[in-house]
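Here, each number is a calculation from the coordinates, and none is a lab measurement. Remember, predicted model here, so these are calculated numbers, not experimental data. Backbone-built Cβ (ideal geometry, glycine too); neighbour counts: all protein chains shown.
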Amino acid sequence: MENKRIDVWVGVFVVVGALALLFLALKAGNLLSLNFEPTYDVVAQFNNIGGLKVNAPVKSAGVVVGRVSSIGFDNNTFEADVTLALDKRYTFPTDTSAKILTSGLLGDQYIGLDPGGSEKNLRNGDKIQNTQSAIVLENLIGRFLYDKAASAGSTK
């Protein structure tokens, strides 16, 4: 009888440990966001979103003010439509600009919002007009090498 009780407690401990590891893995991979605050959706269009993913943070002044709720493609403008779910407790002017930034040198990408000075605020369904696409490291390296090769060829 004593062995069965120990086996049950060991089983419970293993299940709780496995659930804790699963929770930590989802949080670390940014696949789980536990936010029950009411939100409003805003759309931004970008030429290139790089490695931006759904559930990526939306930050302003270093504070997470929302998450990327969906990413799609607009067949008319040939740009990426990114829907941002912003917390209702944070309001932004209609002339707010959005840009895709990277955490560290090779880190995850997120959207940074720079508030403007308009008197009116963004509402549910509005579109952010001023956007800056992601900087792709491969394109920068390629452009640098091309410029170096062109300048070396012109000095001969």
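In a fully extended conformation the segment linking residue 95 and residue 140 would gain 13.3 nm over its present Cα-Cα distance, using 0.36 nm per residue.
Derived value for segment 74-156: Kirkwood hydrodynamic radius 15.8 Å. Basis is the mean of 1/r over every pair of different alpha-carbon atoms.
The gain in end-to-end length when the residue 41 to residue 103 segment is fully stretched comes to 20.0 nm, 0.36 nm per residue minus the alpha carbon separation.
Taking label positions 7 Å along the Cα-Cβ direction at both residue 53 and residue 88, the computed distance is 3.0 nm, reported to one decimal. Reported to the nearest whole Å, the Cα centre-to-centre distance from segment 125-148 to segment 56-83 is 16. Each label point was placed 7 Å from the Cα along the Cα-to-Cβ direction; for residue 12 and residue 81 their separation is 5.1 nm. Between residue 64 and residue 121, the modelled labels are 2.2 nm apart [label points 7 Å from Cα along Cα→Cβ].
Compute the helix-to-body angle for 2-28: its Cα long axis versus the longest principal axis of the chain, expressed 0 to 90° and rounded to tens. The answer is roughly 10 degrees. For the chain, adding -39500 (n - 2.57) for each run of n ≥ 4 DSSP H residues and dividing by the number of residues yields -10000 deg cm²/dmol at 222 nm. Note on residue 99: aspartates and glutamates with a C-alpha under 12 Å away, same-chain residues under 8 apart excluded, are 114. Within the same chain, aspartates and glutamates fewer than 8 places from residue 27 are excluded, and of the rest, those with a Cα less than 14 Å from its Cα are 108.
Nearest 10 degrees, 0 to 90: what angle lies between the long axis of helix 137-154 and the longest principal axis of the chain (Cα atoms)? Its long axis makes an angle of about 30 degrees. Extension gain, residue 150 to residue 3: 0.36 nm times the residue separation minus the Cα-Cα distance gives 45.2 nm.
Summarising the overall dimensions of the chain from its C-alpha atoms, the Rg and Dmax are 22.5, 90 angstrom.
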